[in-house]
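The values are calculated or read from the model by the stated rules, or taken from the named source; none is laboratory data. A quick note: this is a predicted structure, and the numbers were derived from the prediction, not measured. Cβ placement follows ideal geometry from the backbone for every residue including glycine, while neighbour counts extend to all protein chains displayed. Heavy atoms of the whole protein, side chains included, go into the accessibility calculation; ligands, DNA and RNA do not. Shrake-Rupley method; radii C 1.70, N 1.55, O 1.52, S 1.80 Å.
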Protein chains: 2
Amino acid sequence: MPQANSPTKGRKETRIQKKNRAAILDAALDVFSAHGFRGSTVDQIAKASGLSKPNLLYYYPSKEEMFTALMSNLMDTWLDPLREMQSDGDPMTEILSYVDRKLQMSREFPRESRLFANEIVQGAPRMLETLATELKDLVEEKALVIQGWMDAGQLNQSHPKHLMFSIWALTQHYADFDIQVRTLMGAEDPYDAAPHHLETIFRRLLQPS
Amino acid sequence: MPQANSPTKGRKETRIQKKNRAAILDAALDVFSAHGFRGSTVDQIAKASGLSKPNLLYYYPSKEEMFTALMSNLMDTWLDPLREMQSDGDPMTEILSYVDRKLQMSREFPRESRLFANEIVQGAPRMLETLATELKDLVEEKALVIQGWMDAGQLNQSHPKHLMFSIWALTQHYADFDIQVRTLMGAEDPYDAAPHHLETIFRRLLQPS
DNA sequence: CTTGAGTTTGACCAGTTGGTCAAATCCGTG
DNA sequence: CACGGATTTGACCAACTGGTCAAACTCAAG
C-alpha cells in the first residue's frame, strides 16, 4: 500500500496530491479556526474538503499533522508584515505601514488570525516552540530597530515590545472578535473607520513632541 | 430521586449545595478557559472540583448548563468596569480609570478573560444573544456619553465604539495572549510597563489639541 | 491495452465522552 | 434516634472519534 509522501521529504508531488493537499488544508483552516483543535473532528474536515476520512488520513497521517502542517504553512505569511518593516525607512511611515498591512491581514485572512488566536488563548500547546524561537528572534530584532528610532528622537520614547503587542492587539481584534464587533456596530462596516482610527492612535503615540 | 434545584428557581440553597456549586463553577472556569467548551470534558471538571461525574450532573444537568451558568454568572462582573464610567465625571479621568480597571481585571481574572475570548473567537455560539442585548445596550449608552464629551470639546474627536474596542483589545490582550506576551518578554513582568503604556496611548489619543 | 504504482473507500475497532439510573449513604429536624 | 429528603456513586450505555486495513478503483507511461 503506497503512502503519499509528506510534502517535506516527498520527491515529486503528483497533480492529484497537490490538489487534494490544498483542499484538505483549506478545509482544515475553516474547521480548526472555527472550533479549535480539540473542537474539530476529522470527519468535519473530510466533509468540508469533499474527501473521505480515510483519504484525508492517507495524505496526512493524523489530525495532529494536519494541524501542524497548516500552522507552519501559515506562520511565514503571518510574520511577513513585520519582516517588511525596514530600519532604513522613515520611522513613522514604517510603523504606520506595518499597522496598515496588519489590519489588511485581519480583513483578508480572518480565519488565519482566529486559528492563531485559538491556539494562543489555550496556551499554545502546539506552538510554544515556534513562539520561543522564530517569533522571539524576529521580535528582538525589530524591537532594536524601533528602540534605535526612539533613541535618535525620530519617534517618541515608548516600550518597543509593548508597542508591538498593541499593534497586534488592535489589528487582530477586528478578526478575532469579529462577531462581537459586528454585533455592536450593526450595519456599519468596522473596516470603514478602523484604518483611520488606528493610524490616529499610533501617530499621536509616536509623534515626537 | 430528588434533584438539586437550579440556582435561579431554587427556593432555599442548602449549605452543601452552595459549597459544591461554587467548587464546580470554579473548576469549570479552570477547565473551560483552558480548553474551550468542546475541548473540555465533564470528567476533567469533576476531577478538578473533587466531585464525581454523576455528582456534577446532579447539580448541573448537562455540560452545556455548567457553561451557561458560568457565563451568566461572570457577565455582570465583566461589564462592571464599563458601567462605572460616569457621565458626570471628568472625561479624561473617567476613560483612563476605565482603562486601568479593565487592565486590572486582565491581571486578576485572566481565566475569565480567556473564557470569553475562547467563546467569541469561535463565533460566540452560546453567547450571541447576550452580546446582542445586554452588551449592546450598555455599549450604546456609553458611546453616547463619550460622544457627548467629544462634542463638548472635552476629548478629541474619535469614534466612540472603536475607542471601546481599542480599550478591550489592548487590555484583554495581556490576559488572552499571556503565553505569547510572557514568552516574548522573558523575565520582565508585562504588567510593570503595561499600565503606563496604555495610559500614554489613550491620553495622547484623547487629549484635546 | 497492460501494468503497477497511486488513490479511494466501506467496514471496522478501541478508546473516549456525555449522560442515566438504581442503590447506597448522609444529614438536619422533629 | 428515627425518618425522609438530600447527596453521592459504581456500573452502565449509546454516540462519537481518531485511526486502521484490505480490497477496489484510477490513471499515466510503455
### Task
Report whether or not A:M85 is more than 23 Å from B:A34 (Cβ to Cβ), in contact with a Ser or Thr (Cβ under 9 Å, 6 or more places away or on another chain) and open to solvent by less than 10 Å² (accessible area, probe 1.4 Å).
yes
### Query
What number of residues within the range B:188-209 are within 20 Å of the chain's Cα centre (by Cα), of a type outside the set (G, A, S) and buried (at least 17 other Cβ atoms within 10 Å of the Cβ)?
2
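Residue-wise test of (1) away from DNA strand C (no atom under 11 Å from the Cβ); (2) away from chain A (no Cβ under 14 Å); (3) modelled with pLDDT of 95 or more; (4) in a loop (DSSP other than H, G, I, E, B).
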{"site": "B:P7", "(1), (2), (3), (4)": "yes, yes, no, yes"}
{"site": "B:G10", "(1), (2), (3), (4)": "yes, yes, no, yes"}
{"site": "B:K18", "(1), (2), (3), (4)": "yes, yes, no, no"}
{"site": "B:D26", "(1), (2), (3), (4)": "yes, yes, yes, no"}
{"site": "B:A34", "(1), (2), (3), (4)": "yes, no, yes, no"}
{"site": "B:K47", "(1), (2), (3), (4)": "no, yes, yes, no"}
{"site": "B:L57", "(1), (2), (3), (4)": "no, yes, yes, no"}
### Message
Among the residues that make up the range B:169-177, is at least one of them assigned by TED's automatic domain parsing to the domain that holds B:Q86, free of Cβ contacts under 8 Å to residues at least 24 places away in the same chain and among the polar types (S, T, N, Q)?
### Response
no
### Residue ID - surrounded by the most Cβ atoms within 10 Å (Cβ to Cβ), chosen from residues in the range B:138-164 that are within 11 Å of chain A (Cβ to nearest Cβ) and of a type in the set (S, T, N, Q)
B:S158
### Query
On the given criteria, is A:L184 more than 18 Å from A:S97 (Cα to Cα), in the same structural domain as A:D100 (by TED's automatic domain parsing), modelled with pLDDT of 95 or more and open to solvent by less than 30 Å² (accessible area, probe 1.4 Å)?
yes
## Note on the structure
(1) without any contact (Cβ under 8 Å) to a residue 24 or more places away in the chain; (2) within 16 Å of DNA strand D (Cβ to nearest atom); (3) under 30 Å from A:K161 (Cα atoms) all hold for A:D80 apart from (2)
### Subset of the range A:68-127 that is within 13 Å of chain B (Cβ to nearest Cβ) and of a type in the set (S, T, Y) - its residue that is nearest to A:P190 (Cα to Cα)
A:S106
### Task
Identify all residues within the range A:61-82 that are surrounded by fewer than 16 Cβ atoms within 10 Å (Cβ to Cβ) and of a type in the set (F, W, Y); write none if there are none.
none
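Given the criterion more than 9 Å from chain B (Cβ to nearest Cβ), free of Cβ contacts under 8 Å to residues at least 12 places away in the same chain and not hydrophobic (A, V, I, L, M, F, W, C), identify the matching residue among A:R182, A:R204.
A:R182
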### Query
Within the range A:36-45, which residues are assigned to a helix (DSSP H, G or I) and either open to solvent by 20 Å² or more (accessible area, probe 1.4 Å) or within 14 Å of B:V121 (Cα to Cα) (or both)?
A:G36, A:F37, A:R38, A:G39, A:V42, A:D43, A:Q44
